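Trainee: Please see the structure below; I have some questions.
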Amino acid sequence: GILAAVAIPQYSNYTSRARAAGAIAELDSVKTGIALCNAEIGTLTGCSAGANGVPTPAVTKNITTVTSITDGVITVTTGATTATGTNLTIILTPTSTAGGANMTWTNTGTICDGTSARGFKSGQGSCA
């Protein structure tokens with residue numbers, strides 16, 4: 001009983017963190033599509049799902065809802081949850097400098113709650 005009281009919550013935390021990492025990995029192709037779109041048309045305006053080569057990610061156990069992919073900003077709901085079962089979100093916002101070769105992504109979703117053992121800590125998953 002004591003082992004179960006410790007092991008089950010730890011396993012739930014581990015599963016949630018794994019789904020958070022999986023969601024970020026599944027969004028890599030979308031991030032690449034947005035970066036290519038930005039390089040080709042010179043702006044993030046118009047770099048939306050289904051346009052200018054930007055794909056729409058599939059719904060999986062890691063990404064449960066694709067809320068929007070508009071003008072480069074990716075918003076999804078993940079399979080990662082809080083301890084009470086609320087699904088965590090990812091909001092990835094790109095930043096690029098004019099003529100620059102690199103694109104920087106910032107995650108401001110609820111998945112960035114550094115106090116939780118179920119999402120990302122600061123510096124992980126593009127969280128500030």
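Trainee: Would you check which residues across region 52-83 are touching a strand residue (DSSP E or B) at 6+ places or on another chain (Cβ under 6 Å), surrounded by 15 or more Cβ atoms within 10 Å (Cβ to Cβ) and outside any strand (DSSP E or B) and list them?
Mentor: P57, N62, G72
Trainee: For region 16-64, which residues satisfy the criterion of being within 18 Å of C112 (Cβ to Cβ) and of a type in the set (V, I, T)?
Mentor: Matches in region 16-64: I24, I63, T64.
Trainee: Would you be able to tell me the number of residues in region 95-109 that are closer than 17 Å to E26 by Cβ and either in contact with a Lys or Arg (Cβ under 8 Å, 6 or more places away or on another chain) or among the aliphatic types (A, V, I, L, M) (or both)?
Mentor: Step one: list which residues in region 95-109 are closer than 17 Å to E26 by Cβ, which gives 105, 107, 109.
Retained after the next criterion (residues that are either in contact with a Lys or Arg (Cβ under 8 Å, 6 or more places away or on another chain) or among the aliphatic types (A, V, I, L, M) (or both)): 105.
Of the residues in region 95-109, 1 are closer than 17 Å to E26 by Cβ and either in contact with a Lys or Arg (Cβ under 8 Å, 6 or more places away or on another chain) or among the aliphatic types (A, V, I, L, M) (or both).
Trainee: Still on this structure, please answer the following. Tally up the residues in region 63-87 that are over 24 Å from M103 (Cα atoms), of a type outside the set (S, T, N, Q) and in contact (Cβ under 8 Å) with a residue 24 or more places away in the chain, please. Lay out the reasoning, then the answer.
Mentor: Of region 63-87, the ones over 24 Å from M103 (Cα atoms) are 64-65, 79-87.
Filter once more, so that each one left must be of a type outside the set (S, T, N, Q): 79-80, 83, 85.
Within this subset, residues satisfying the condition of being in contact (Cβ under 8 Å) with a residue 24 or more places away in the chain are 79-80, 83.
Selection size over region 63-87: 3.
Trainee: Confirm whether T86 is farther than 10 Å from A20 by Cβ, touching a strand residue (DSSP E or B) at 6+ places or on another chain (Cβ under 8 Å) and hydroxyl-bearing (S, T, Y). Full working, then the answer.
Mentor: Working: farther than 10 Å from A20 by Cβ: yes; touching a strand residue (DSSP E or B) at 6+ places or on another chain (Cβ under 8 Å): no; hydroxyl-bearing (S, T, Y): yes.
No; evaluated as a whole, the condition is false for this residue.
One line per residue, one yes/no per condition, for (1) at pLDDT 90 or above; (2) among the small types (G, A, S); (3) under 25 Å from L44 (Cα atoms):
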| site | (1), (2), (3) |
| --- | --- |
| N62 | yes, no, no |
| T70 | yes, no, yes |
| T86 | yes, no, no |
| I91 | yes, no, yes |
| P94 | yes, no, yes |
| A98 | no, yes, yes |
| G109 | yes, yes, yes |
| D113 | no, no, no |
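Trainee: Now, a different point. Of everything in region 84-112, what is crowded, with 17+ Cβ neighbours inside 10 Å and assigned to a loop (DSSP other than H, G, I, E, B)? Give them in sequence order.
Mentor: The answer is G109, and nothing else.
The values are calculated or read from the model by the stated rules, or taken from the named source; none is laboratory data. Predicted model, so just to flag it, every value in this text is computed and none were measured. Methodologically, a virtual Cβ is constructed for each residue, glycine included, from the backbone with ideal geometry; neighbour enumeration extends over all protein chains shown.
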